[in-house]
1. Of all residues in segment B:200-242 being open to solvent by less than 60 Å² (accessible area, probe 1.4 Å) and among the basic types (K, R), which is nearest to B:D25 (Cα to Cα)?
2. So the check is Cβ under 7 Å with 6+ separation or different chains; which pairs have a first residue in segment B:152-180 that's on the phi > 0 side of the Ramachandran plot and surrounded by 16 or more Cβ atoms within 10 Å (Cβ to Cβ) and a second one that's part of a strand (DSSP E or B) and at pLDDT 95 or above?
3. Any chance segment A:208-229 includes a residue that's out of contact with any Lys or Arg (no Cβ under 7 Å at 6 or more places or on another chain), closer than 30 Å to A:D129 by Cα and hydroxyl-bearing (S, T, Y)?
4. Taking the stated definitions as given, is B:E218 over 25 Å from B:V86 (Cβ atoms) and touching a residue at least 24 places away in the same chain (Cβ under 8 Å)?
5. Taking A:P125 and the conditions (1) touching a Lys or Arg at 6+ places or on another chain (Cβ under 6 Å); (2) of a type outside the set (S, T, N, Q); (3) more than 27 Å from B:D109 (Cβ to Cβ), which numbered condition does it fall short on, given that it satisfies the others?
6. For segment B:126-142, state whether one or more residues are among the acidic types (D, E) and surrounded by fewer than 16 Cβ atoms within 10 Å (Cβ to Cβ).
7. Looking only at segment A:99-148, count every residue that is part of a helix (DSSP H, G or I) and at the interface with chain B (Cβ under 9 Å from one of its Cβ atoms) and tell me the total.
2 protein chains.
Amino acid sequence: MRYEGKAKKVYATDDEQRYVVEYKDDATAYNALKRGTIQGKGVVNNAVSSVLFEMLAEHGVPTHFLERISDREQLVRAVEIIPIEVIVRNRAAGSFAKRYGVDEGLELDPIVIEWCYKSDELGDPPLNDATAVALGLATPDELEDLFELASTVNDTLLPYFEERGLELVDFKLEFGRTADGDIVLADEISPDTCRLWDLASGERLDKDRFRRDLGSVEEAYQEVYRRVVEGAEPRPIAGADA
Amino acid sequence: MRYEGKAKKVYATDDEQRYVVEYKDDATAYNALKRGTIQGKGVVNNAVSSVLFEMLAEHGVPTHFLERISDREQLVRAVEIIPIEVIVRNRAAGSFAKRYGVDEGLELDPIVIEWCYKSDELGDPPLNDATAVALGLATPDELEDLFELASTVNDTLLPYFEERGLELVDFKLEFGRTADGDIVLADEISPDTCRLWDLASGERLDKDRFRRDLGSVEEAYQEVYRRVVEGAEPRPIAGADA
């Protein structure tokens, strides 16, 4: 194994340009202070992420995704991850709402694209362009690419989720550099990395159900799977209040 | 009195376009968790800030400063403070070094100009341009003005302090809007708001001596007064190690 993260394992293959990513059911929150398992999460996130990466590629976003090869595994291009978490926020929620003392759900105009330094040890602190460059995390040209790609991802995902009865509140992206020096979207896009609110009820259909002990965690992941992977009509999740 | 801050009081005058600022000896650090008194600080900061504001005005930076009217008081233009602390960093130090896990003194290339949301309650969190606009703290044009003005202040202060045997490591600026809607430099520039390291010895000649209990606090402020206000030759401060 090449790397084990909090929610995924990454394996080398015979081809040094290809990795296999395995999606686990393990869940962590608040920089791993909270740990648990969400039954079936790995299967959901592998499938959802595969669908979204394919869709984004059709919209001109280069990604590391090559092929879903099993329930929990996908084949991806080998990349070196840029240590910047790119967070796109359409509404205030989570750490943003807390950090700036605003209500969750506040619409952000303009939308906010935020860099955080990917460091568990430091708690993923936010940083600006000059800091990212001065710390050697990325070049100014790369930051411009990240910004443009993140904007395109948001512009593409917003209507896509809306058609499936989901409001995309915010999400986290990671990018990688290929051996050729290209920047491609990496990591995953799933209910682990997006805040998705049911358009009809406002119910949270994402990892906040786990973070905040809201119950019906598995059901929320399954409902996103139904809508995104199976193209099923939205329905409320069992046993959950908004 | 119009307002009492941690280190200054602001009084209205008969002219609604003019305030009087009184500099206190009170010192606080770490968002007022640490409190104390630095004898003579108000006199030093009033004089140093007056000299620097006059010098910056000659270099084309509009400021709120009008006149030093006593040892502890200056007359300034009435402004509405923009709730963004503008931090200019030539080297990593203090909260920046801690936040990003780098050594104090690390040279920053490019230099970093950082916005923090001026809020004691929230602990002055850093924010980026889009967040500042979305939260209604400033317009994009104002942020551009702040950036340009902060750059000019740094370009002007760096050689000015160097000629006086001081390295300008970082500093915090605040800006205000006048009744006419002009943006001017406000608050103060002093050893309370700048990190100043003695070029010869590396000794800290600023509020870090108070924050970190390094001793010779008053002596450090007096030495900055000697160099900046009196134009005296640098000398080491008594009883201090670097």
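1. Applying the filter and picking the extreme gives B:K207.
2. Pairs found: B:G165/B:D198.
3. No.
4. When the stated conditions are applied, B:E218 passes them.
5. Here A:P125 clears every test but (3).
6. Yes, because at least one residue in segment B:126-142 is among the acidic types (D, E) and surrounded by fewer than 16 Cβ atoms within 10 Å (Cβ to Cβ).
7. Residues that pass the stated criteria total 8.
Residue-by-condition table, conditions (1) among the small types (G, A, S); (2) touching a His at 6+ places or on another chain (Cβ under 7 Å); (3) without any contact (Cβ under 8 Å) to a residue 60 or more places away in the chain; (4) under 19 Å from A:D187 (Cα atoms):
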| position | (1), (2), (3), (4) |
| --- | --- |
| A:V88 | no, no, no, yes |
| A:R91 | no, no, no, no |
| A:S95 | yes, no, yes, no |
| A:Y100 | no, no, yes, no |
| A:D103 | no, no, yes, no |
| A:L106 | no, no, yes, no |
| A:I111 | no, no, yes, no |
| A:E121 | no, no, yes, no |
| A:N128 | no, no, yes, no |
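The values are calculated or read from the model by the stated rules, or taken from the named source; none is laboratory data. Quantities reported herein were computed from a predicted structural model and do not represent experimental measurements. Neighbour counts run over all protein chains shown; Cβ positions are idealised from the backbone, glycine included. Ligands, DNA and RNA are excluded from the accessible area calculation, which covers all protein heavy atoms including side chains. Shrake-Rupley method; radii C 1.70, N 1.55, O 1.52, S 1.80 Å.
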